[in-house]
Amino acid sequence: MTYTLTTPLYYVNDKPHLGSAYTTLACDALARFQRLKGEQVVFITGCDEHGQKIQRTAEAAGQTPQAHCDGVSAQYRELWQRWQISHDRFIRTTDPRHERIVEQFFGRVEANGDIVEGRQQGWYCVACEEFKDDPHEASDPECTTHRRPLEWRDEVNLFFRLSRYQKQIETLIAQPGFIQPASRRNEVENFVKQGLRDFSISRVNLPWGIPVPGHQGHTFYVWFDALLGYITALLEDGDASDLDTAISRGWPATVHVIGKDILRFHAVYWPAMLLSAGLELPAAVFGHGFLTREGQKMGKSLGNVLDPAVMLDDWGPDAVRWYLLRDIPFGDDGDFQQQRFIDLVNNDLANTIGNLLNRTSSMARRWFSDAVPAPGSSHDPTHVLAACARQASELFLKAMDNLEFRAAAEAALGLAIQANGFLNDQAPWSRMKQGGNEEAVASDLYAVLEATRIVAQLLIPLVPDLSARILAQFPADARSGWLERLQWGGLPAAAALPEPSPVMARLEAKETA
Ligand code: MSP
């Protein structure tokens, strides 16, 4: 079974912002973790390029929609490369292969009797690309998310018969683990309870979309086309553009990771579409929270949007990844505060982890001929730090499997804190001065080095660069699998210890980010 995970496919109406980087970094940590465990992973990201919003943005910029999409999606690609995102697929919904997949999928849904013509009347938010249910009866209603006027629409569209799937969707969302975190289930349940209404899946007079086969003048509603991007993305190079082929490459998705605002599309509309086409359903949909900046909603008009490209230049990848994954419970809303960010990174990464490595390795080299000291009794799995390491690894593995990145980060950091505590209690510097304690000191330093090595192993999926810098200061590990390398006692005694150098520079406050 493949472990297929997806980020949302990002709209190309604007350059990437921290919200998109947040989901992508979290998925990257998850993908790296699953690969380390030996899973066959397909990590999908990409861009959502059709619809009225994109068409209007391109017009305003005096570009053709295609040229506009080419430009912004290239920015996404480049940004993910600079962030070292380990995605396996980057899908653009303007990819010609995608058009065939959408057509085939639609054919199955239509053959199943789930497409009907109907009149669509209602208030539409172009920024959300969504009809709003309850625009508060106002004469000039606004979108509550975008604070922009809604537009009145009245047209004949094709509808998907969502109402037929009421029972199946109710059963699906009641399944524990389908909507995650569990706290998000309620809002979807309430929506479904009100009774599912058919939704329009086509637009007339909107040239920037995929034409609906057999229905002249209609293009697909952007969400109908975009969700199918997850399936097109599975196609491998050289594959024909065929739905069954794509499905065989890794469907169903193990988890769709998305922001909470698009949960309804993923947990209700999308499963119903898949049921209609006779395809399997994703195992889980995880809706994470929203990020604010210094307590304020981020927005173009406020001019306070955090730019992930600038943040990368200012702070480097490890600091930002660590903060986002370690400080904010994944699923809850979070606030980016520069001072808190700096303090947290300096404390955790520079002090607790960086200094632990530096001082232990320096002592070991000074007193034991630049090599890993003899473990003595600390090789024993019952050693106090061995027990801490085992517990930290167990917690870490469980937390990562559940997308609890904060708990995972805390487990790794907790082990470093315990190792620091052990070092301070044993005080090898004073015992060494007293003389005659070489063996005991060697054993203690071995235990602390070994714990530090395991901390670095745990950090690989969360902060891969930092972890690589730490591991470069240890002798090479001959064990091939990651789970094996998490086992206590792997550090080879007497192997040369490279000269220590600081692994994490301290951050200073900056104006720009
Ligand atoms: N194109 C659709 C998704 C289609 S998936 C088949 C879309 N794109 S988006 O670019 O507008 O949003 C992408 C993601 O960014 C969403 O999951 C959204 O929740 C997330 N975020 C937008 N602003 C955010 C924050 N301020 N904080 C965290 N995530 C945010 O929706």
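Which residues, taken from the stretch 22-44, are in contact with an Asp or Glu (Cβ under 9 Å, 6 or more places away or on another chain) and either within 14 Å of SER73 (Cα to Cα) or of a type in the set (S, T, N, Q) (or both)?
The one that is in contact with an Asp or Glu (Cβ under 9 Å, 6 or more places away or on another chain) and either within 14 Å of SER73 (Cα to Cα) or of a type in the set (S, T, N, Q) (or both): GLN34.
Pairs only if they're at least six apart or on different chains, beta carbon under 7 angstrom, first in the stretch 83-112 and assigned to a loop (DSSP other than H, G, I, E, B), second of a type in the set (D, E, K, R); list them, first residue then second.
What qualifies is ILE85/ASP28; SER86/ASP28; SER86/ARG32; THR93/ASP48; THR93/GLU49; THR93/ASP225; THR94/GLU49.
Would you point out which residue out of GLY177, GLY250 is open to solvent by 10 Å² or more (accessible area, probe 1.4 Å) and part of a loop (DSSP other than H, G, I, E, B)?
Numbers: GLY250 fails: open to solvent by 10 Å² or more (accessible area, probe 1.4 Å).
After ruling out the rest, the residue left standing is GLY177.
Can you find even one residue in the stretch 2-17 that is surrounded by fewer than 19 Cβ atoms within 10 Å (Cβ to Cβ), away from the ligand (no atom under 16 Å from the Cβ) and at pLDDT 95 or above?
Start the filter on the stretch 2-17 by keeping residues that are surrounded by fewer than 19 Cβ atoms within 10 Å (Cβ to Cβ), which leaves 2, 14-15, 17.
Filter again for away from the ligand (no atom under 16 Å from the Cβ), leaving 2.
Filter once more, keeping what is at pLDDT 95 or above: 2.
Yes, there is a match, as at least one residue in the stretch 2-17 is surrounded by fewer than 19 Cβ atoms within 10 Å (Cβ to Cβ), away from the ligand (no atom under 16 Å from the Cβ) and at pLDDT 95 or above.
Among the numbered criteria (1) open to solvent by less than 10 Å² (accessible area, probe 1.4 Å); (2) within 12 Å of the ligand (Cβ to nearest atom); (3) closer than 12 Å to ILE169 by Cβ; (4) touching a residue at least 60 places away in the same chain (Cβ under 8 Å), which single criterion is violated by ALA272?
Only one criterion in (1) open to solvent by less than 10 Å² (accessible area, probe 1.4 Å); (2) within 12 Å of the ligand (Cβ to nearest atom); (3) closer than 12 Å to ILE169 by Cβ; (4) touching a residue at least 60 places away in the same chain (Cβ under 8 Å) is unmet by ALA272, namely (2).
Can you tell which of VAL204, VAL156, VAL222 is closer than 25 Å to SER276 by Cβ, in contact with a strand residue (DSSP E or B) (Cβ under 8 Å, 6 or more places away or on another chain), open to solvent by less than 20 Å² (accessible area, probe 1.4 Å) and in the same structural domain as SER276 (by TED's automatic domain parsing)?
Details: VAL204 fails: open to solvent by less than 20 Å² (accessible area, probe 1.4 Å); VAL156 fails: open to solvent by less than 20 Å² (accessible area, probe 1.4 Å).
Only one candidate passes the filter, namely VAL222.
Quick one: what pairs do we get from the stretch 283-306, first residue touching a residue at least 24 places away in the same chain (Cβ under 8 Å) and open to solvent by less than 40 Å² (accessible area, probe 1.4 Å), second within 7 Å of the ligand (Cβ to nearest atom) and among the charged types (D, E, K, R), C-beta under 9 Å, 6+ apart or different chains?
Close Cβ pairs satisfying both conditions: GLY287/LYS260; GLY287/ASP261; HIS288/LYS260; GLY289/LYS260.
Is it fair to say PHE422 is of a type in the set (Phe, Trp, Tyr), at pLDDT 95 or above and within 26 Å of the chain's Cα centre (by Cα)?
Numbers: of a type in the set (Phe, Trp, Tyr): yes; at pLDDT 95 or above: yes; within 26 Å of the chain's Cα centre (by Cα): no.
No; evaluated as a whole, the condition is false for this residue.
Output the residue which, of all residues in the stretch 323-341 that are part of a loop (DSSP other than H, G, I, E, B) and within 11 Å of the ligand (Cβ to nearest atom), is most open to solvent (accessible area, probe 1.4 Å). Write out each step before concluding.
At the first step, the residues of the stretch 323-341 found to be part of a loop (DSSP other than H, G, I, E, B) are 328-329, 331, 333, 337.
Filter once more, keeping what is within 11 Å of the ligand (Cβ to nearest atom): 328, 333.
Values: ILE328: 7, ASP333: 88 Å².
For the stretch 323-341, the residue satisfying everything is ASP333.
From HIS98, HIS87, HIS68, HIS50, which residue is within 16 Å of the ligand (Cβ to nearest atom) and open to solvent by 40 Å² or more (accessible area, probe 1.4 Å)? Show your work before the answer.
Working: HIS98 fails: open to solvent by 40 Å² or more (accessible area, probe 1.4 Å); HIS68 fails: open to solvent by 40 Å² or more (accessible area, probe 1.4 Å); HIS50 fails: open to solvent by 40 Å² or more (accessible area, probe 1.4 Å).
The conditions single out HIS87.
Say whether the condition of being among the basic types (Lys, Arg), over 30 Å from ARG108 (Cα atoms) and within 12 Å of the ligand (Cβ to nearest atom) is met by at least one residue in the stretch 301-322. Walk me through how you get there before you give the answer.
So the first thing to find is which residues in the stretch 301-322 are among the basic types (Lys, Arg), and the list is 321.
Checking the rest, the ones that are also over 30 Å from ARG108 (Cα atoms) come to 321.
In the following step, the residues that additionally are within 12 Å of the ligand (Cβ to nearest atom) were identified as none.
Within the stretch 301-322 (the criterion being among the basic types (Lys, Arg), over 30 Å from ARG108 (Cα atoms) and within 12 Å of the ligand (Cβ to nearest atom)), the answer is no, since none of the residues qualifies.
The values are calculated or read from the model by the stated rules, or taken from the named source; none is laboratory data. The model shown is predicted, which means the values in this text are computed figures rather than measured ones. Positions of Cβ are backbone-derived with ideal geometry, glycine not excepted, and every protein chain shown enters the neighbour counts. Please note that ligands, DNA and RNA were not included when accessible areas were found on the heavy atoms of the full protein model with its side chains. Shrake-Rupley method; radii C 1.70, N 1.55, O 1.52, S 1.80 Å.
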